[in-house]
Each structure stands twice: as C-alpha cells, then as structure tokens.
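Inspection log for the structure reproduced underneath, given as structure tokens.
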Amino acid sequence: MTDQRVKSPRTGATASVAARKASPAVYRRRRLVVLVGVLVVVLVLVLLAGLVWPGFWRSTATPEPVPTVTVTAPVPTPTVKAMDRSGDETAFQKALPSAVLQLALGSLTEAKEPKGEGALEAWNAEYSDGDSVEVAVVAGQWATDDEAATGAAAWTASAGEAERTGDVKVGKKVVGQYAFVPADGGKTVVVWQNGTAVLRATGPTDVMEDFYTAFPL
C-alpha cells in the first residue's frame, strides 16, 4: 500500500531564516564595528574630560622627575683669632692663608731646611683650632717648576712610603703632584707641588684630606 502522507511544505518564515544565516565574516565585521564604536566613545569622553578639567592632561602625563636637592653643610670657620699680619710680608708669605677651615694661623716663621735644598724662600706655618687640632706646614718656593718637583720628591721620600698620590690641577692644567704618607701617632703627611711652590703639611689623619683640599695654594 502506497504511503500517501503528504509532506508539509516549508513555510516562508522558515525558508527566510535559513537563507539569512550569517557567515563568520559578517560576525567579524560586526565585532569590528562595535570595537570602533567603543573607541570613539572613549575618545570623546577623554576630550570632554580635557576641556572640563584643565589639569587632566597633566595628571595623565608622565610625571616630571623631582630635582635632587643637595644639602651642603656650612664651611667651618675658626673660633680662635689668627695671628697679626700687619708687618711686611713677601708675596709668597701673603699667599699663605690666615685660616684653613676651622684652623687659624698661629705662627709664621722663616724655615731653613728648604733653603738648604735650593728654595728661594721658605716658611713654617702653624695652624690650630685652639684646642686639640694642630697642623704644621712647611712652605717653600723654588725658581722653576722642575726644581720644585725635585724638592717635592725629596720631601715625599723623607716622609715615608706614600699610600696615595695624584695630580695637582689648577682648572684642567696639571701643576704638580700630591702624596699622602701615613705617619706615627695617628698623623698623616701631605706633600704637594703647585708650580714653583711646594708644601708639606703634617697633622691628624682625619683632618688632612679636608685641610689639603681647602688650602688655597
């Protein structure tokens, strides 16, 4: 017996849905459109925030680095009075300072030792804080830089073995050498040349670096 059941025809609505099924490409385009729309909205909001809030752009920018502040301690000065220097002095004598940091010049007398080594003139200078720190300086001046260099080398050798040496510079120009030599009793001897002048300073080890650096000659 023949099956006479008639198949129901596909309705128009069903056929239309099947025909309009979106492809993956369509979905990608739709997502792209949505993303672009979100970006446009965000951009508009940012622009509005910049107009309404003047400090908005500065707050979102990379903060500027905070400048480093260096605190420098005041340079120490003597609490005792330096010796009177109203008498006649040579130009080399006048170049020797009346004070170096907290140390004041207590005496300035002629030195004989450097003259025996060919110096044109030489002086012994005593610097003190009036309490426990004393630095003895011998300063000599030679006729030429080479003669002064020979004198500086002799003074360094007589002090002992240097633990540190280097160039003495005026600006970028090298005008001599310096040497730090350990001595007995917690002291250090510093010998340095500045052109035709040679100086030898002896004092407590913990003050000699600053003393040498601050000495103007």
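The values are calculated or read from the model by the stated rules, or taken from the named source; none is laboratory data. Because the structure is a prediction, the values reported are computed rather than measured. Positions of Cβ are generated from backbone atoms using ideal geometry, with glycine treated the same way; all protein chains shown enter the neighbour counts. Note: accessible area is taken over every heavy atom of the protein model, side chains too, but ligands, DNA and RNA are not part of it. Shrake-Rupley method; radii C 1.70, N 1.55, O 1.52, S 1.80 Å.
Residue separation of residue 132 and residue 72 scaled by 0.36 nm, minus their Cα-Cα distance, works out to 19.1 nm of gained length. Residues whose amide H lies under 5 Å from that of residue 188, counting only those 5 or more places away or on a different chain, are 183, 203, 205; hydrogens are built 1.01 Å from N in the peptide plane. Within the accessible area of the stretch 123-174, the carbon and sulfur atoms contribute 46%, probe 1.4 Å, all protein chains present. Between residue 40 and residue 64, the FRET efficiency from the beta-carbon distance, with R0 = 25 Å, is close to 0.20. Only Lys, Arg, Asp and Glu carry charge here, each on its Cβ (+1 for the first two, -1 for the last two); on that basis the stretch 106-190 has a dipole of about 320 debye about its Cα centre. In order along the stretch 105-110, the phi-based Karplus estimate (6.51 cos²θ - 1.76 cosθ + 1.60, θ = phi - 60°) of 3J(HN,Hα) comes to 6, x, 7, 9, 10, 5 Hz; Gly and Pro are listed as x. Atom-type composition of the exposed protein surface of the stretch 64-115 places 57 percent of the accessible area on carbon and sulfur (1.4 angstrom probe). Label-to-label distance for residue 121 and residue 79 is 3.5 nm, based on points extended 7 Å past Cα in the beta-carbon direction.
Charge dipole (Cα centre; +1 on Lys/Arg Cβ, -1 on Asp/Glu Cβ; no other charges) of the stretch 65-217 amounts to roughly 400 debye.
In the context of the full protein assembly, residue 45 retains an accessible surface of approximately 110 Å², using a probe radius of 1.4 Å and ignoring ligands and nucleic acids. Solvent-accessible area per residue in the stretch 129-197 equals 52 Å², computed with a 1.4 angstrom probe and all protein chains kept.
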